[in-house]
Amino acid sequence: MIVWINGASGAAVRAVARELSGILTDGTLFDPRDLVARLPAAPPEGSDPLDLPLWRRLFVETAAALLDEVGGVLVVPLPLYAQERRDHLFGRLASRAIAVHHVRVEADETILHAWAQPVRAETVRVEAAQGDHLATTATRTRPAHLNGATAPAPAARASAYATALAGWLAADAHPLPADPRGPRPTAEALAGLLASGALPACPIVQTAEPTAETLAAGVLLFDRSGRFLLVDPTYKPGWEFPGGVVERGEAPSLAGLREVAEETGVRLRDTLRLLVVDWEPPMPPGFGGMRLLFDGGNLPEAVHASLALPGPELRDWRFVTEEEAAGLLPPVRYARLRWALRARRAGSIAYLERGKPLTD
């Protein structure tokens, strides 16, 4: 399993993580920042390397390999403020059946500043010991391909943390009060939570990663004003149509009915009508496949109150217009939606590849 330590101060988070990995008999410290210098490609100027798809893939693969080799508890110190980043990383880990126990260190600025000083000093000493070619212990030349990447300024980081805490982070991460005596007693309190079972794993559905092309069925459900339902999964970034992967030997329309019932609690009685068939190309590490979008009809107002959200699989839901969906769905999925709405009005079926109809 992974213990993910979050908080307003990266230095404080790393201090607690270092102590916790030493306290636990089966603990291993894994700082994801170590992977940044290994990236072969240059990130866009001014961007955060942790948002690069390659870094995310490296992180998940490395974490899984470490747990496979050494087992026990992997202690990950990394401030995480973007919900999209959390969904992507935690979802990929859940697909490997890796449980994530998410905590956030709560402390005022005085405590965080006091904790940060020895961690920063040790960082300088370690960097100085990494090679005699370093001219000074106070500076370190960054890898050339990372020169354009910048870490957020403290004020921006504090603002991002406050925004996350006011939203998704408060519900997702278990609060860990910082002990004024230092990181060691704070880590001991965290170890006690783990030993007692009082620190639950994040309730995220373990959707296995595909190993080949998949067939998926989505369903459009409408309200009486013509808006349609979108859902926000906990295991991947972005909004989606209700639906999911068709299981072996299962009819796609029945898969759509099953997924709607599992995700929303709504049991549709009518037969679904096919609107769109879309071929999605492989985008490594994904495999692509066929994507079907069905018309689930209009939901009565009384059914809206019975929607079983949020839950371990879905964080939120909302009925939206076509224009509102443009800001929630990725481009290819939005294109699929637009053609589905056209097909619904025309009473036809649209065949697409890469979100576009074939042309002569």
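Listed values, structure above:
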quantity: So Asp179, is it open to solvent by less than 60 Å² (accessible area, probe 1.4 Å), touching a strand residue (DSSP E or B) at 6+ places or on another chain (Cβ under 6 Å) and acidic (Asp, Glu); calculated: no
quantity: Scan of the range 316-360 for residues that are on the phi < 0 side of the Ramachandran plot, among the charged types (D, E, K, R) and part of a loop (DSSP other than H, G, I, E, B), ordered by number; calculated: Asp360
quantity: Residues located in the range 48-77, provided they are polar (S, T, N, Q) and modelled with pLDDT under 90; calculated: none
quantity: Flag if Leu220 is outside any loop (DSSP other than H, G, I, E, B) and touching a residue at least 40 places away in the same chain (Cβ under 8 Å); calculated: yes
quantity: Residue within the range 317-325 that is of a type in the set (D, E, K, R), open to solvent by 30 Å² or more (accessible area, probe 1.4 Å) and at pLDDT below 90 present; calculated: no
quantity: Hey, Leu80 modelled with pLDDT of 65 or more, assigned to a loop (DSSP other than H, G, I, E, B), crowded, with 20+ Cβ neighbours inside 10 Å and hydrophobic (A, V, I, L, M, F, W, C) or not; calculated: yes
quantity: Residue in the range 236-243 that is open to solvent by 70 Å² or more (accessible area, probe 1.4 Å), part of a loop (DSSP other than H, G, I, E, B) and at pLDDT below 90 present; calculated: no
quantity: Candidates Leu229, Leu199 - the one that is at pLDDT 90 or above, farther than 30 Å from Arg291 by Cα and surrounded by 13 or more Cβ atoms within 10 Å (Cβ to Cβ); calculated: Leu199
quantity: Matching residues in the range 33-47 - criterion: being open to solvent by 40 Å² or more (accessible area, probe 1.4 Å) and at pLDDT below 75; calculated: Ala37, Arg38, Pro40, Ala41, Ala42, Pro44, Glu45, Gly46
quantity: Hey, Asp87 of a type in the set (Asp, Glu) and crowded, with 18+ Cβ neighbours inside 10 Å or not; calculated: yes
quantity: Filtered residues of the range 329-360 (kept if surrounded by 15 or more Cβ atoms within 10 Å (Cβ to Cβ) and of a type in the set (Ser, Thr, Tyr)); calculated: Tyr334
quantity: Within the range 15-32, considering residues that are part of a helix (DSSP H, G or I) and closer than 20 Å to Pro79 by Cβ, the one most open to solvent (accessible area, probe 1.4 Å); calculated: Arg18
quantity: Checking Ala305 against (1) loosely packed, with under 14 Cβ neighbours inside 10 Å; (2) over 25 Å from Ala261 (Cα atoms); (3) hydrophobic (A, V, I, L, M, F, W, C), the condition it does not meet; calculated: (2)
quantity: Count - residues of the range 258-282 that are open to solvent by 30 Å² or more (accessible area, probe 1.4 Å) and under 15 Å from Leu215 (Cα atoms); calculated: 5
quantity: Failed criterion for Leu134 (all others in (1) within 30 Å of Glu106 (Cα to Cα); (2) of a type outside the set (Asp, Glu); (3) at pLDDT below 55 hold); calculated: (1)
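The values are calculated or read from the model by the stated rules, or taken from the named source; none is laboratory data. None of these values were measured; they are calculated from a predicted model. So basically every Cβ, Gly included, is an ideal-geometry build from the backbone, and we count neighbours across all protein chains shown. Ligands, DNA and RNA are stripped out before the accessible areas are found, and what is left, the full protein with its side chains, is counted by its heavy atoms. Shrake-Rupley method; radii C 1.70, N 1.55, O 1.52, S 1.80 Å.
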